[in-house]
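Throughout, read-outs are computed from the coordinates displayed, never taken from laboratory work. Worth saying up front: this structure is predicted, and the values here are computed from it rather than measured. Here the Cβ positions follow ideal geometry from the backbone for every residue, glycine too, while neighbour counts run over all protein chains shown.
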Amino acid sequence: MGLIDLDHVSRWYGSQRALCDVSLHLEPGRIGLLGPNGAGKSTLLKILLGLLEPSSGGGTILGHDLRRDGTLLRRAIGYMPEADALVPGLRGADYVALAGELYGMPRRQARRRAHEVLSYLDLEEARYRLLEEYSTGMKQRLKLAQALVHDPRVLLLDEPTSGLDPAGREVMLSLLLTLGREHGKSLLLSTHLLGDVERVCDTVVILHEGQVLSQGHVDDLRTRRHDCYRLQIQGDPSAYLEELRLEGATVFQDNRRGQLRVAVPPGWRTRTFFALADLHGVLLRGLQRDDEDLEALFHRVIEENGHHGR
Amino acid sequence: MGASLLHYRPWRGRFRDPAWSVWPIARVGLGVVLRRKLFWGLYALALLFFLMFFFGQYLLAYADTMELPPLILRQARGGLQLDGSGVMYRNFFRLQGSMVVVVLALAGSMLMGNDFQFGSLPFYLAKPLTPRHYLVGKFLAVAVFVNLLTTVPALALFAQYGLLTSSDYFFEHADLAAGIVAYGLVLTACLSLLLLAMAGWLRRTIPLIMAWTTLFFFLRQLAFALVYILGYDARWRLIDLWNDTYLVGNACLGIEHGTVRPLPQPETYEAALVLGAVCLACLTYLNLRIRAVEIVR
């Protein structure tokens, strides 16, 4: 059974299109849902939570129909919202236990489980504090605790590292990776931070303007990266650049003062730069590898599909 | 201690029906309000009328045991209307009105306004429950407050009167007990739905208190002025919701419509229709307000 199967799902808010003909088949695993603001990630999450019906199309999550089985599928899912979503006046343990009860756990078991999960997430000492006294990092872990309290098979995580400092972010990503790798939880990580996806996920879905632009293994996406070099040249570059283009290279940046950034095709040999420079009487004063990062790749994928990124 | 040193333990158990989630929602709401000292202060104030009726009944019963002229006793009972009749309970409900309004304004902002203001709504609705369960949970919490201030003390007065006079009172006036419960239900339904709708709309305590006060004090004065000073049709009194509940409550307690003061008053069925329409409008608004659009921002 697949984790998520979507079949031509579209969603309109009046005349505004939020999702357009989205078809996905995702196996259980750690999945990153990437996209800029307004890409349709939140709408997709709402549909996956069974809280919003698609305008057309349909699908299943863990075999539960998105249109009919809202209650059942929300029980199988733990949802960590981006916003604080806290209940003022409660203490940490009460908050997580309340989440357990709302998932349908008997009260006593919910309380016991809340303490277990809070200990696992390193919030044991803070569990009797009022929620208002929690730091941002602790609030994020608390939200993860309430999503985890009923031991769901799937976690939907909406920007889980939002507002965290680098250390807090690393803790959160480690936790997610452990939950996915060692405890078999499927994760759907909705984020605009490519680093988070690269660190945690094995599959990535890129959404833009309500459409799936790209879907595949994170490693596959990485292989689509361009090998880039930063060059510092002296002399007339026009013939040299023309020759580079003929060899299949792409000049990304040229500051007209001899500094270039060049993407090269697979199998490129560094010595080609020197050979061509020698041929066209250009002095190559600097050569540094400067590969495209995942973020640049993400924006390039968007542009290649004829859209404009953020 | 880092996560790597602690072991994640799976949970295997049976989930209960989503209907069970109504009580945790109500319980948490009640807990949040009951922890406030301000609430207890207001509740103590609200019980002053109850204490007045309670000790009034007690003193009259005590006076019965003394050798006072029967005429004085009759006049005391009649004047104070502490005679165990429907009018006594009607007067009690009416006097409780102002404190109920104040306590509910405070409770409403904490019970539901906080959920909108602090973003707790996604926490609730992303669970395997429907908006209906959420609303019923909140309704239950407000209903507890309404009944703590009205129905429960009124039933306590009913029990006290029966104990101080004769046990026959319980059997002969069982319809009064039912009437008290019915009056309480009318108040519970109208005030709870109205409060939830307004708390969902206004979210913050001060605007809620202002709007609530406008609804129950300003409109009351306006209705009074329109009908009794400017001579407009009696139906203008229908904009005074507290008077509407009062008219329906009179019917519940078996009090004749013609004896209700001041006159003129709209018909009871008209008041009931207005209350029904208000409840329906509140339910519709709440349903729209907590749709899934609110869940993921």
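Some points to look at:
- The slack between residue A:288 and residue A:257, meaning 0.36 nm per residue of separation minus the straight C-alpha distance, is 9.5 nm.
- For the segment A:87-98, counting C-beta atoms of other chains within 10 Å of every residue's C-beta and taking the mean gives 4.
- Per-pair calculated FRET efficiency, R0 = 35 Å: residue A:76 and residue A:20 via Cβ, rounded to 0.05: 0.85
- Candidates per GluC sites (Glu not before Pro) in the stretch A:100-160, loop by DSSP, up to 14 other Cβ within 10 Å: A:125
- Between helix A:294-304 and chain A there is an angle of about 80 degrees, using the helix long axis and the longest principal axis of the Cα atoms.
- Long-range HN-HN contacts of residue A:155 with modeled amide H, under 5 Å: A:78, A:186, A:187, A:188
- Furthest towards positive pole of dipole, A:232, A:71, A:140, structure part chain A, Cβ charges: A:71
- Cα gyration tensor shape of the stretch A:74-181, rounded if a/c is under 1.5, else prolate or oblate by comparing a/b with b/c: oblate
- On Cα atoms only, tilt of B:131-149 relative to the major axis of chain B in degrees: 30 degrees
- Within the protein assembly as shown, percent of DSSP bridges classed antiparallel, to nearest 5: 65 percent
- Listed residues A:53, A:198, A:242, most fluctuating in chain A (Gaussian network, C-alpha, under 10 Å): A:242
- Maximal additional length on extending the residue A:68-residue A:230 stretch stands at 52.8 nm, based on 0.36 nm per residue less the C-alpha distance.
- Angle of helix A:166-181 to the longest C-alpha principal axis of chain A, folded into 0 to 90 degrees and rounded to 10: 70°.
- Cβ-derived FRET efficiency at R0 25 Å, residue B:267 paired with residue B:229, nearest 0.05: 0.70
- Only one residue of B:259, B:246, B:165 has its Cα farthest out toward the positive end of the dipole of the stretch B:28-294, where Lys and Arg carry +1 and Asp and Glu -1 on Cβ, and that residue is B:246.
- Projecting the Cα positions of A:60, A:20, A:284 onto the charge dipole of chain A (unit charges on Cβ atoms of Lys, Arg, Asp and Glu, taken about the Cα centre) puts A:60 furthest along the positive direction.
- What you get for the protein assembly as shown, charging only the Cβ of Lys and Arg (+1) and of Asp and Glu (-1), is a dipole of about 860 debye around the Cα centre.
- Within the stretch A:183-204: backbone nitrogen closer than 12 Å to the residue A:27 label point (7 Å, Cα to C-beta): A:203
- Dipole magnitude of the stretch A:4-221 about its Cα centre (Cβ charges: Lys, Arg +1; Asp, Glu -1), debye to nearest 20: 800 debye
- Here the label points at residue B:73 and residue A:124, each 7 Å from Cα along the C-beta direction, are separated by 7.2 nm in the simple model.
- Using alpha carbons only: equivalent-ellipsoid semi-axes of the stretch A:226-291, gyration tensor based, whole Å: 16, 13, 11
- Sorted largest first, the principal axis extents computed over the alpha-carbon atoms of chain B equal 86, 48, 31 Å.
- Under the criterion of Cα pairs below 8 Å and six or more residues apart, the relative contact order for chain B equals 22 percent.
- The overall shape of the stretch A:1-45 is oblate: from the C-alpha gyration tensor, with semi-axes ordered a ≥ b ≥ c, the ratio a/c is 1.5 or greater and a/b is no larger than b/c.
- Within 10 Å of the Cβ of each residue in B:114-123, the mean number of Cβ atoms contributed by other protein chains is 6.
- Extension gain (nm, one decimal) between residue A:271 and residue A:162, 0.36 nm per residue minus Cα-Cα: 34.8 nm
- Dipole magnitude of the stretch B:1-125, debye to nearest 20 (Cβ charges: Lys/Arg +1, Asp/Glu -1, about Cα centre): 600 debye
- Per-residue shielding of A:110-117, expressed as the average number of other chain Cβ atoms within 10 Å of the residue Cβ, stands at 2.
- Efficiency of FRET between residue A:108 and residue B:7 - r from beta-carbon atoms, R0 22 angstrom, step 0.05: 0.55
- Normalising by residue count, the protein assembly as shown has a Cα convex hull of 210 Å³ per residue.
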